[in-house]
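Note sheet for the following structure.
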Amino acid sequence: MREAQLIGGCLCGDIRYEITPPALFVSQCCCKDCQKATGTGHTTIIGIHKDQLRLHGTPATFTNTGETGGKVTRHFCGRCAGRLYTSGDLPGDHIMVQAGSLDDPGQVSPQNIIYVKDRVHWDKLDDTLPQFEGLPDRVL
Ligand SMILES: [Zn+2]
Ligand SMILES: [Zn+2]
């Protein structure tokens, strides 16, 4: 069976996208930057090669330096502030799409939890998933 295409966009609908499957990984990220950027305990990210994303619209961006020293750029809607995806030095040709921006976020299932060292006690996640203190040596 062919994996279904993943379709999503921001809250206001100005920016839409399609992802050509397959996703390379799906992770729950509990890092401090994801907490600040989303205002929640963690974010759910879908790792893909950048060529797998077809974007309609132009996101606003914010770049800072990640914990590992590389530049991290977060892409979001300039109108509604809906988070869309993250790119940067470290993932290289890979980007991480916010699973919550999918029209049907239930299409993907997280495979692991990363940056558990920053995890907040009230943020309940599936503890049967493999957990990594920071970034796994190989997420891609
Ligand atoms: Zn929007
Ligand atoms: Zn994170």
Taking only the Cα positions of region 6-118, the convex hull volume per residue in Å³ is 93 Å³
Flagged as over-length at 19 Å C-alpha distance, from 32/71; 71/117; 36/71, the pairs are 71/117
With the 1.4 Å probe rolled over protein heavy atoms, region 6-118 has an accessible area per residue in Å² of 46 Å²
For region 82-140, listing trypsin sites (Lys or Arg not before Pro) in a DSSP loop whose Cβ sees at most 12 other Cβ atoms within 10 Å gives 124, 138
Ordered by number, the trypsin sites (Lys or Arg not before Pro) in region 1-77 that occupy a DSSP loop and have at most 11 other Cβ atoms within 10 Å are 2
The FRET efficiency for residue 54 and residue 123, from their Cβ-Cβ distance with R0 = 30 Å and rounded to 0.05, is 0.40
Among region 9-31, those whose backbone N falls under 19 Å of a label point 7 Å along Cα→Cβ from residue 67 are 26-31
With a 1.4 angstrom probe the carbon and sulfur portion of accessible area for the chain, in percent, totals 52 percent
Ordered by number, the chymotrypsin sites (Phe, Trp or Tyr not before Pro) in region 67-140 that occupy a DSSP loop and have at most 11 other Cβ atoms within 10 Å are 122
Mean-square fluctuation maximum in Gaussian network of the chain, Cα pairs under 10 Å, restricted to 43, 61, 86, hits 61
For region 27-132 the mean separation of alpha carbon contacts under 8 Å (6+ apart) over residue count, i.e. relative contact order in percent, is 31 percent
Per the rule of 0.36 nm per residue minus the C-alpha distance, extending residue 36 to residue 79 adds in nm 13.6 nm
Note to self, the chain gives a 222 nm [θ] from helices alone (DSSP H runs n ≥ 4, -39500 (n - 2.57) apiece, / all residues, nearest 500) of -1000 deg cm²/dmol
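The values are calculated or read from the model by the stated rules, or taken from the named source; none is laboratory data. The structure displayed is predicted, hence computed values, not measured ones. Cβ coordinates were reconstructed from backbone atoms using ideal geometry, including for glycine residues, and neighbour counts include every protein chain displayed. Areas reflect the complete protein model, heavy atoms only, side chains present, ligands, DNA and RNA absent. Shrake-Rupley method; radii C 1.70, N 1.55, O 1.52, S 1.80 Å.
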